[in-house]
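Q: Mind looking over this structure? Questions follow.
Every number here is computed from the coordinates shown, using simple stated rules; none is lab data. Note that the coordinates shown come from a computational prediction; the quantities given were computed from them, not determined experimentally. Methodologically, a virtual Cβ is constructed for each residue, glycine included, from the backbone with ideal geometry; neighbour enumeration extends over all protein chains shown.
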Amino acid sequence: MSTVNELNTGKQANETVDFEEVEESEQFKSFMQNKKKFIIPYTIFFLIFYFLLPVLTSYTTFLNTPLVGDISWVWVFAFAQFVMTWVLCTIYVKKAASFDNQADQIIKDQMHNGGESS
Amino acid sequence: MSPTVIILFLIIVSLTLVITYWASKRTQTTGDFYTAGGGLTGFQNGLAISGDYLSAASFLGIAGSIALFGFDGFFYSIGFLIAYLVVLFLVAEPLRNLGKYTIADMINARFDAKKVRGAAALSTITISIFYMIAQLVGAGALIQLLFDIPYSGAVLIVGVMMTIYVLFGGMIATSWVQIVKAVLLMAGMVVISFLVLLHFNFNIGAMFSEVKTATSHGADYLSPGLKYTDSLGTISLMLALVLGTAGLPHILMRFFTVKDAKTARSSVVTATWIIGIFYVLTLFLGFGAAIFVGESTITEANPGGNMAAPLLAEAIGGEFLFAFISAVAFATILAVVAGLVLSGASAFAHDLYGQIIKKGKASDQQQMLAARYAALAVSVLSIVLSLFAQYLNVAFLVSLAFCIAASANLPVILYTVYWKRFNTAGAVTAMLSGLFSALILVSMSPSVFSPVEGAALFVGDPIFPLTNPALVSVPIGFLGGYLGTIFSKESDVKRYAEVKVKANTGYRETGS
């Protein structure tokens, strides 16, 4: 990426980076903790929200109650799935930007010799 | 057939051939051939992902399903879209950070074993071929109807076209054909939806009221349960749809056509918006077809409802719109099969030939030649299989591909990135148990055995009740990987540390 990085060869990078040491570092651990705290709850949420639709339509009929005119709740719930996807997408991108910064910081601090962030 | 249809077809086909010619001048290395040299921008790649994903099954199939079955047709749209959250949250970035050309590369970042690479290549090739047969069978039926030529001739035309794109243009041509097609397809969808809504003065409630009386189903049309009456079957299908995408090789391969994980992420976001809008519009197409074309005309043209969208275009937009939509549908099929050929060919040439047979010592030129031969072989094989598969249900083939992807590829991808103890034995057992349980369960399912003669391949009672076995085969894939791992003592903590750090930070050694 930068000229400084290009001066280092792959072999050197292999020798200088101890991945176990990086993995054990407080900086990396807290980074992973932040990531987990974000990804796991959101993933559980969208999977439950998604499977709620076929489960409710298969085992109950209350979603067939009309809401406005001939549009029933099931269509509203179906459309809510689309809105949920777009909202979560946007939230993820915002959050990922802060993860990028943390990741770059880790590369800068722990793997200063050789290598590039890509 | 009218001259307008022929002229529009020729224009769109020549446009794609010009792209291929231009791309062939740019395809010099294997990197260009497999991944367009990793040089696409996030937005371009997002369009190409949409182009890859919005296959004939989405465009023709879902519009037809909604037209015939109302809400139940919409289930597919929802499942296909939410699948992108699984891709974005769990798979896209680690995959881009670890891999080079194929899924096997990514798994090999952790395990060097040839058997792991071989198993990954096997599942990639199986999924690609099933998916491709589905597209080719659908394409054959469409071209047969439009041009009034025999099915075998129609399959051959599509087959030869896709082979040309891939052979000469590689990933660069395939990507640009996808991009052009995604733009044309969205334009067509927006125009048709606009015309449908115009009829109701943009009052969606009025459209719902109209469709309620337009079909033979009456008010039931607007409620779930017309098509999917089996509760566990519905849930199993939804499971295959939401998890399958994150294991589909031709979609995952798209993350290697950009320069880094950030661009991969932004391309998933672009794709999610485009695909989401597309699937919202399928609703207007389906309802529009039910109202303006009518059930009997739709099923007369094709019992599966596959002609609903083109017929609607004709009913509300006249011959020109019909010609445009048909030509776009043709381009859609070509673009998708080209992407599939490429992912199958890369598994053959890069994984089996380059890494296993030549032990990674093949020169760039040898690999490129092998990739082109492999593309040819994959094309010929799927054309021949499609000629025999004329009467197979297209939706069954597509859902089978999704099911294999979810059962064989997804467990191993997740374990590789997220599970410390995971090892070589586990990777092999995860892929093989997922792959074979999906295949075996489908071969015993109602899609293959039916007591009614002619309804399925064989006459007889199905041994396994679910049409789509994902509810059973996905857990088997995960369980297979778990058991394979704990029964083998091998474990490489040091290597996992490297994979974990690289997958999460995007760190790469220079020169590698």
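Q: Quote the Stokes-Einstein diffusion coefficient, in whole µm² s⁻¹, for chain B, based on the Kirkwood radius over alpha carbon pairs, a temperature of 25 °C and a viscosity of 0.890 mPa s.
A: 107
Q: Place a point 7 Å from the Cα of A:Lys36 along the Cα-to-Cβ direction; which residues of the range B:420-448 have their backbone N under 18 Å from it?
A: B:420-422
Q: Among all the lysines, which ones have a C-alpha under 23 Å from B:Lys212's C-alpha, if same-chain residues fewer than 8 places away are not counted?
A: Those lysines meeting the cut-off are B:Lys227.
Q: Starting from the Cα gyration tensor of the range A:19-118, multiply each eigenvalue by 5, take the square root, and state the resulting semi-axes largest first in whole Å.
A: So the equivalent ellipsoid measures 44, 14, 8 Å along its semi-axes.
Q: Another one. Partner chain Cβ atoms within 10 Å, averaged over the residues of B:274-281 - can you pull that number for me?
A: 2
Q: Based on the alpha-carbon gyration tensor of the range B:417-512 and its eigenvalue square roots a ≥ b ≥ c, which shape applies: rounded if a/c is under 1.5, prolate if not and a/b is larger than b/c, or oblate?
A: Because a/c hits 1.5 or more and a/b exceeds b/c, the range B:417-512 counts as prolate.
Q: Grab the beta carbon distance between A:Asn101 and B:Val459, set R0 = 56 Å, and tell me the FRET efficiency rounded to 0.05.
A: FRET efficiency, A:Asn101 to B:Val459: 0.35.
Q: Could you list B:His250, B:His217 in order of exposure, starting from the residue whose Cβ has the fewest other Cβ atoms within 10 Å?
A: B:His217, B:His250
Q: When only Cα pairs under 8 Å and 6 or more residues apart are kept, what is the percent relative contact order across chain B?
A: Once normalised by length, the contact order is 28 percent.
Q: Rank these for me by crowding, B:Asp260, A:Asp104, going from fewest to most other beta carbons within 10 Å.
A: So the ranking, lowest neighbour count to highest, is A:Asp104, B:Asp260.
Q: Taking beta carbons within 10 Å but only from partner chains, what does the mean come to for residues B:493-506?
A: Partner-chain Cβ atoms within 10 Å, mean over residues of B:493-506: 6.
Q: Quick check on the exposure proxy: order B:Arg508, B:Arg421 from fewest to most C-beta atoms within 10 angstrom.
A: Result, fewest neighbours first: B:Arg421, B:Arg508.
Q: Stokes-Einstein diffusion coefficient for the range B:87-206 at 10 °C in a medium of 1.306 mPa s, Rh from the Kirkwood formula over Cα pairs: what value in µm²/s?
A: Value of D from the Cα-based Kirkwood radius: 86 µm²/s.
Q: Dividing the Cα convex hull volume of the protein assembly as shown by residue count, how many Å³ per residue is that?
A: Taking the convex hull of the Cα positions in the protein assembly as shown, it is 145 Å³ per residue.
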